[in-house]
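Only one structure is covered here, and it is reproduced in the block below.
Please treat every number below as a calculation from the coordinates, not as lab data. No experiment lies behind these values; they were computed from the predicted model shown. FYI the Cβ positions are ideal-geometry reconstructions off the backbone, even for glycines, and counts take in every protein chain you see.
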Ligand SMILES: Cc1cc2nc3c(=O)[nH]c(=O)nc-3n(C[C@H](O)[C@H](O)[C@H](O)COP(=O)(O)OP(=O)(O)OC[C@H]3O[C@@H](n4cnc5c(N)ncnc54)[C@H](O)[C@@H]3O)c2cc1C
C-alpha cells in the first residue's frame with residue numbers, strides 16, 4: 001500500500017506569536033517550527049499501516065527550504081521518503097492544487113492529512129485535495145483501519161459515533177485517537193539523513209485569498225484573589241468589575 005502523508009510546518013505550540021508588516025504578516029523571527037500535531041498522528045498511523053513490508057510512506061510538504069528540518073523529523077519518525085514542493089504556501093487552494101497535481105502523476109492508495117493545521121486552522125486542504133482528485137474524502141477521523149481495499153473509519157458526531165466504510169483510494173483527515181504520535185530515536189535521526197527528499201517545482205496556481213491583517217487577542221487581566229471569608233466583596237466584584245451577575 002502506498003501512503004501519502006501531507007505535513008504542515010507550524011510554529012511550536014509554546015511560541016509567542018507576533019506580527020510584522022503592519023500586522024499583515026506572521027513574524028517568524030525566533031520561532032521554532034514543528035510538524036503540525038494532527039499530521040504527526042497521520043504519520044504515526046501511516047507508519048503503523050506500512051510496517052512489516054506492508055507498504056511505503058511518503059511525506060509531502062508544500063514549503064520553502066526552511067521546512068526541511070521538519071521534513072527530516074518526519075523521516076526520522078519512520079517515513080520512507082519525502083517530497084517538498086518548493087513554494088511558500090500562499091493559501092489553502094494553492095497548497096491543495098500543488099498536492100493534487102503531484103498525486104495525479106504519483107498515485108497513492110491512501111492520502112492522509114491532519115484534521116486542520118494549528119497555525120492558520122483552515123481545515124480546507126484535505127477536502128480540496130479530494131475534490132481536485134475526484135476521490136472520496138472523510139474529515140475528522142478518530143479511528144482508521146484498512147482491510148484489503150477498504151478503509152473503516154470512526155468519526156465522533158454530536159452525541160455519538162459514526163462508523164463508515166469507504167473504498168481506497170481515499171483522502172482522510174486525522175484527529176486524536178487515530179494513533180499515538182511517534183518520537184524519533186537516535187537511529188531514526190541517523191537514518192533520516194540518508195532517506196530521499198525530492199524537491200520539485202510548484203505549478204502555477206492563482207492565490208484566491210490574501211491575508212490583510214492579524215489581530216492578537218486582548219491580553220488576560222491579572223488574577224484578583226479574594227479571601228474566602230470575604231463573600232460580599234466577591235459578589236460586589238462579580239457585579240461591578242466582571243459584570244457577570
Ligand atoms: C508566508 C505565508 C503567507 C501566507 N499568506 C496567506 C494568505 O494571504 N491567505 C491565506 O489564506 N493563507 C495564507 N497563508 C496560510 C497558508 O497558505 C496556509 O498554511 C494554507 O492555506 C493551508 O491552510 P491551513 O493552514 O488552514 O491548512 P488546513 O486546511 O487547516 O490543513 C489541513 C491539513 O492539510 C495539510 N497541509 C496544510 N498545509 C500544508 C502544506 N503547506 N504542505 C503539505 N500539507 C499541508 C496538513 O496535513 C494539514 O493538517 C500564508 C502562509 C505563509 C507561510
Order of 116, 204 - criterion: other Cβ atoms within 10 Å of each residue's Cβ, fewest first: 204, 116
Rounded tilt (10° steps) of 231-240 against the dominant C-alpha axis of the chain: 70 degrees
Residue 68 paired with residue 161, simple spin-label distance in nm, labels 7 Å along Cα-to-beta-carbon: 4.4 nm
Most mobile listed residue (153, 118, 211) in the chain, GNM with C-alpha springs under 10 Å: 211
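Above 22 angstrom, tally the Cα pairs of segment 61-144 and express them as a % of all pairs, no decimals.
26 percent
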Normalised contact order of the chain, rounded percent, pairs of Cα under 8 Å and 6 or more residues apart: 24 percent
Taking 6, 77 and counting other C-beta atoms within 10 Å, the order from fewest to most: 77, 6
Theoretical FRET efficiency, 1/(1+(r/R0)^6), r = Cβ-Cβ of residue 199 and residue 18, R0 22 Å, to 0.05: 0.15
Cα centroid separation - segment 151-165 against segment 1-68, whole Å: 26 Å
Likely footprinting exposure, 43, 60, fewest C-beta neighbours within 10 Å first: 60, 43
Length-normalised contact order for segment 64-192 - Cα pairs under 8 Å, 6+ apart - percent: 30 percent
Descending semi-axes in Å of segment 158-245, equivalent ellipsoid built from Cα gyration tensor: 50, 24, 23
Cα-Cα pairs of segment 154-208 separated by more than 17 Å (percent): 71 percent
Interatomic Cα distance distribution for segment 2-217, bins of 5 angstrom, percent: 1, 7, 15, 20, 21, 16, 11, 6, 2, 0, 0
Within the chain, helix-based [θ] at 222 nm, where runs of 4 or more DSSP H residues each add -39,500 (n - 2.57), nearest 500: -8000 deg cm²/dmol
